[in-house]
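Have a look at the structure below before the remarks.
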Amino acid sequence: MGEQAEITTAKQAADHELILAFGRLQGAANRLEYILGRALEVECGISHLMFEVLLILGRAGEPGLSMRAVAQEQILTTGGATRLVDRMEAAGLVERAEDPDDRRGRLVRLTPQGEETVVRASHVHLENIKRYLVDPLPAADRKRFAEDLRILSHTARDLLPRLP
């Protein structure tokens, strides 16, 4: 990207290549979130955020994760994570269990229905990722693009404050 030019007008700001690049990234992410999230809702009955929590819990395995860990992974407040997990528990996707390392603590883990739902939703999600994220890109650029996204995601994650 070019040298940083002095920005003195709204037009210059709007046309700056880095501002445009970030806007395109954000626009693409928002549009894809809508398209892929809508497909999960219609075909699987879960929101994209619920799907992400199911993936996090699937990755964590037994005995589960604390509410704080779920909140941190999804950049939610602990109250927001609690409300989300309450809805997921009511839908039979997750359950709360005693924390074997902390008698006062509770962990969240997948139920068998949650396991089945995340597997089914993954098939839908993968097909849509291929269709809307991968296929439009030149084949030669796909691996590098995926690596660049990993770098950006981890860099941003590492800049976030940790929950107390």
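The values are calculated or read from the model by the stated rules, or taken from the named source; none is laboratory data. Treat the numbers as computed from the prediction; the structure is a model and nothing was measured. Positions of Cβ are generated from backbone atoms using ideal geometry, with glycine treated the same way; all protein chains shown enter the neighbour counts. Heads up: the accessible areas ignore ligands, DNA and RNA and are worked out on the full protein's heavy atoms, side chains in. Shrake-Rupley method; radii C 1.70, N 1.55, O 1.52, S 1.80 Å.
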Inset, instruction - Could you please find all residues in the stretch 22-68 being at pLDDT below 90 and either of a type in the set (D, E) or under 14 Å from the mean Cα position of the chain (by Cα) (or both)? - result: E62
Inset, instruction - Answer yes or no: is there a residue in the stretch 52-70 that is more than 18 Å from A121 (Cα to Cα), basic (K, R) and not in a loop (DSSP other than H, G, I, E, B). - result: yes
Legend entry - Leading residue by the ranking (nearest to L32 (Cα to Cα)) among those in the stretch 100-126 that are out of contact with any Leu (no Cβ under 9 Å at 6 or more places or on another chain) and of a type in the set (K, R): R120
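So that you can scan it fast, the table gives a plain yes or no per residue for (1) farther than 20 Å from P112 by Cβ; (2) part of a helix (DSSP H, G or I):
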position	(1), (2)
A14	yes, yes
A21	yes, yes
A29	yes, yes
L76	yes, no
E89	no, yes
Inset, instruction - Mind listing whichever residues of the stretch 97-134 are more than 19 Å from the chain's Cα centre (by Cα), open to solvent by 30 Å² or more (accessible area, probe 1.4 Å) and either modelled with pLDDT of 95 or more or among the acidic types (D, E) (or both)? - result: E98, D99, D101, D102, P112, Q113, E116
Inset, instruction - Six or more apart or on different chains, Cβ under 6 Å: which pairs go from a residue in the stretch 27-38 that's under 16 Å from E52 (Cβ atoms) to one that's modelled with pLDDT under 95 and open to solvent by 50 Å² or more (accessible area, probe 1.4 Å)? Could you list them? - result: none
Inset, instruction - Please determine, by comparing only the residues of the stretch 57-89 that are over 18 Å from L159 (Cα atoms) and of a type in the set (D, E), which one is most open to solvent (accessible area, probe 1.4 Å). - result: E62
Inset, instruction - Kindly indicate whether any position in the stretch 5-14 is in contact with a Lys or Arg (Cβ under 9 Å, 6 or more places away or on another chain), more than 23 Å from L152 (Cα to Cα) and either touching a residue at least 60 places away in the same chain (Cβ under 8 Å) or of a type outside the set (S, T, N, Q) (or both). - result: no
Legend entry - Contacts under 7 angstrom Cβ, first residue in the stretch 72-95 being free of Cβ contacts under 8 Å to residues at least 60 places away in the same chain, partner hydroxyl-bearing (S, T, Y), 6 or more apart: G92/T111; L93/T111; L93/T117; V94/T111; E95/T111
Inset, instruction - Output yes when any residue across the stretch 7-23 is basic (K, R) and surrounded by 13 or more Cβ atoms within 10 Å (Cβ to Cβ), and no when none is. - result: no
Inset, instruction - Under 6 Å between Cβ atoms, at least 6 apart or on separate chains: pull out the pairs that start in the stretch 145-164 with a residue that is more than 19 Å from L25 (Cα to Cα) and end on any residue that is open to solvent by 70 Å² or more (accessible area, probe 1.4 Å) and not β-branched (V, I, T). - result: L163/R68
